[in-house]
Amino acid sequence: MQKRHLAILGSTGSIGTQTLEVVEANPDIFEVEVLTAQNNADLLIEQAAKFRPNVVVISNEDLYDKVFAALDPLDIKVYTGEKSLVSVVEMESVNMVLTALVGYAGLIPTVSAIKAGKHIALANKETLVVAGELVTELAQKNKVDILPVDSEHSAIFQCLVGEFHNPIEKIILTASGGPFRGKDRDFLKTVTKAQALKHPNWSMGAKITIDSASLMNKGLEVIEAKWLFGLTPDQIEVVVHPQSIIHSMVQFEDGSMKAQMGLPDMRVPIQFAIGYPNRLKSNFPRMDFAQFPSLTFEKPDYETFRNLGFAFEALEVGGNMACIINAANEIAVAAFLRDEIGFLEMSDLIENCMKKVNFVHTPTLEDYIETDKETRRLALEFV
Ligand code: NAD
Ligand code: MG
């Protein structure tokens, strides 16, 4: 297997740190070339001292001096500033970029990596939500693989290995339902961020945890799946599966269904993405069926969790609508985490932006950048 020389964008986060666990366990296969973080300088320094990348990026410019002082003696280059993420992914020594930063910030570095011919292990689903058509076309043109890290999309991808010539009838994305499964709007009116941050099955960064509680995460994943697997909206179904053991399913044209399952452990899909097409040995905990005597499934509650419906609406409408939803959601989640708006108001804010922001039918990259800006401006007014 050809050695993977990785740039890990967002190495200090939930996905980033778990990626480094996989790397550490497989030193013959993975080499770290680039590590990047926004604010957590201490962890970035610690990671760099251990994995000895060529370059690190600390996006918060105020922390540059601190990181430079620690890593310059180790002969590790330190960059900061807006353009640095874009240029480090182009480095000759890098052959795969794992995108584990949060939100819209992933788009421009990912586009730059694809243009430079680097394979993408994609955790940053927002990139495909914002500009799925443009990004997937660019990847095809540059003969670059986009390998999904998101557990549901990894599950679908794993079901498709050996089946790429067989058309998909539909996919079934599983959703845990999050901490508020079964609750009604009355209950949700007054929930706090502490309640929303308690995910039953997964430990993740704050933004995706709130997205999971509001089902926005599943909405973003519906859009992500459309672009990754070339599907129409009616080929995508969401089913709530509270145990998070089946990570998603594919139904083929003969009616047969394949599912991928296992304990909820992000290291499995991370390792599958960066090790593809090989399955590397691991010592992650194995599933014991005796612990899961019943796997259950239910319909999502589209009335209480309106965000999921917004995502399907965006697929029908196309253009820059998903970009609008993403930007509005980023502002909504940040405001909710600052206790400035309530849980249900996040959906109101998104709906408002969907109605008011300029619709563009066939957006260019510049249009997406403008849409993101315009939506954030409007959403902040609403807050
Ligand atoms: P996190 O908040 O734990 O970590 C984010 C990382 O990105 C940190 O290293 C942070 O420093 C960096 N970062 C954040 N904003 C940045 C910015 N504006 N510019 C530069 N760097 C920035 O997040 P996470 O839970 O690891 O999620 C990362 C991505 O992976 C998200 O897109 C999320 O939707 C996706 N994802 C996460 C999980 C999970 O289990 N955590 C599962 C599936 C998909
Ligand atoms: Mg997921």
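The values are calculated or read from the model by the stated rules, or taken from the named source; none is laboratory data. Quick caveat, the model's predicted, so the values are computed rather than measured. Cβ placement follows ideal geometry from the backbone for every residue including glycine, while neighbour counts extend to all protein chains displayed.
Please verify whether GLY182 is assigned to a loop (DSSP other than H, G, I, E, B) and within 14 Å of ligand 1 (Cβ to nearest atom), treating the condition exactly as stated. Give the steps one after another, and end with the answer.
On the way: assigned to a loop (DSSP other than H, G, I, E, B): yes; within 14 Å of ligand 1 (Cβ to nearest atom): no.
Taking the combined requirement at face value, the residue does not satisfy it.
Of all residues in segment 99-116, those that are near ligand 1 (Cβ under 10 Å from one of its atoms) have Cβ atoms under 7 Å from Cβ atoms of residues that are basic (Lys, Arg) and at pLDDT 95 or above, 6 or more apart or on another chain, in VAL102/LYS207; GLY103/LYS207.
TYR104 satisfies every condition listed in (1) outside the structural domain of VAL32 (by TED's automatic domain parsing); (2) closer than 25 Å to LEU35 by Cα except (1).
Scanning for something polar (S, T, N, Q), in the same structural domain as ALA69 (by TED's automatic domain parsing), within 25 Å of SER282 (Cβ to Cβ) and in contact with a helix residue (DSSP H, G or I) (Cβ under 7 Å, 6 or more places away or on another chain), does segment 19-42 turn up at least one residue? Give the derivation first.
As a first pass, look at segment 19-42 and keep what is polar (S, T, N, Q): 19, 26, 36, 38-40.
Filter once more, keeping what is in the same structural domain as ALA69 (by TED's automatic domain parsing): 19, 26, 36, 38-40.
Filter once more, so that each one left must be within 25 Å of SER282 (Cβ to Cβ): 19, 26.
From the residues that got through so far, the ones that are in contact with a helix residue (DSSP H, G or I) (Cβ under 7 Å, 6 or more places away or on another chain) too are 19.
Yes, that holds for at least one residue.
Taking residues in segment 356-383 that are farther than 28 Å from ASP339 by Cα and modelled with pLDDT of 95 or more, and partners anywhere that are part of a helix (DSSP H, G or I) and charged (D, E, K, R), the pairs with Cβ atoms closer than 9 Å and at least 6 places apart or on different chains are ASN358/GLU370; ASN358/GLU374; VAL360/ASP367; VAL360/GLU370; THR362/GLU133; PRO363/GLU133; PRO363/GLU370.
Restricting to segment 139-171, name every residue that is under 14 Å from ALA225 (Cβ atoms) and in a loop (DSSP other than H, G, I, E, B). Residues satisfying the conditions are VAL149, ASP150. Taken residue by residue, segment 255-265 has no member that is in a loop (DSSP other than H, G, I, E, B), in contact with a strand residue (DSSP E or B) (Cβ under 6 Å, 6 or more places away or on another chain) and not assigned by TED's automatic domain parsing to the domain that holds ASP372.
Among all residues of segment 129-145, there is at least one that is closer than 21 Å to LEU9 by Cβ, over 15 Å from the mean Cα position of the chain (by Cα) and among the acidic types (Asp, Glu).
Does segment 118-154 hold any residues that are more than 23 Å from THR375 (Cβ to Cβ), more than 13 Å from ligand 2 (Cβ to nearest atom) and either touching a residue at least 24 places away in the same chain (Cβ under 8 Å) or hydroxyl-bearing (Ser, Thr, Tyr) (or both), and which are they? The answer is LYS118, HIS119, ILE120, ALA121, ALA139, ASN142, LYS143, VAL144, ASP145, ILE146, LEU147. As a summary of the residue check, LYS193 satisfies the conditions (1) within 20 Å of the chain's Cα centre (by Cα); (2) at pLDDT 95 or above; (3) within 16 Å of ligand 1 (Cβ to nearest atom) except for the one numbered (1).
Would you check if ALA37 is away from ligand 2 (no atom under 16 Å from the Cβ), of a type in the set (A, V, I, L, M, F, W, C) and over 23 Å from VAL111 (Cα atoms)?
Values: away from ligand 2 (no atom under 16 Å from the Cβ): yes; of a type in the set (A, V, I, L, M, F, W, C): yes; over 23 Å from VAL111 (Cα atoms): no.
No: the conditions fail for ALA37.
Among the residues of segment 199-211, none is identified as more than 9 Å from ligand 1 (Cβ to nearest atom) and of a type in the set (Gly, Ala, Ser). Checked against the criterion of being within 11 Å of ligand 1 (Cβ to nearest atom), assigned to a helix (DSSP H, G or I) and under 19 Å from the mean Cα position of the chain (by Cα), the candidates LEU85, LEU43, LEU63 yield just one match: LEU85. Taking residues in segment 313-331 that are touching a residue at least 12 places away in the same chain (Cβ under 8 Å) and in a helix (DSSP H, G or I), and partners anywhere that are of a type in the set (D, E, K, R) and surrounded by 24 or more Cβ atoms within 10 Å (Cβ to Cβ), the pairs with Cβ atoms closer than 6 Å and at least 6 places apart or on different chains are LEU315/LYS226; ASN326/GLU126. Hey, could you check segment 205-238 for residues that are within 11 Å of ligand 2 (Cβ to nearest atom) and among the polar types (S, T, N, Q) and say which is surrounded by the most Cβ atoms within 10 Å (Cβ to Cβ)? By that ranking, first place goes to ASN217.
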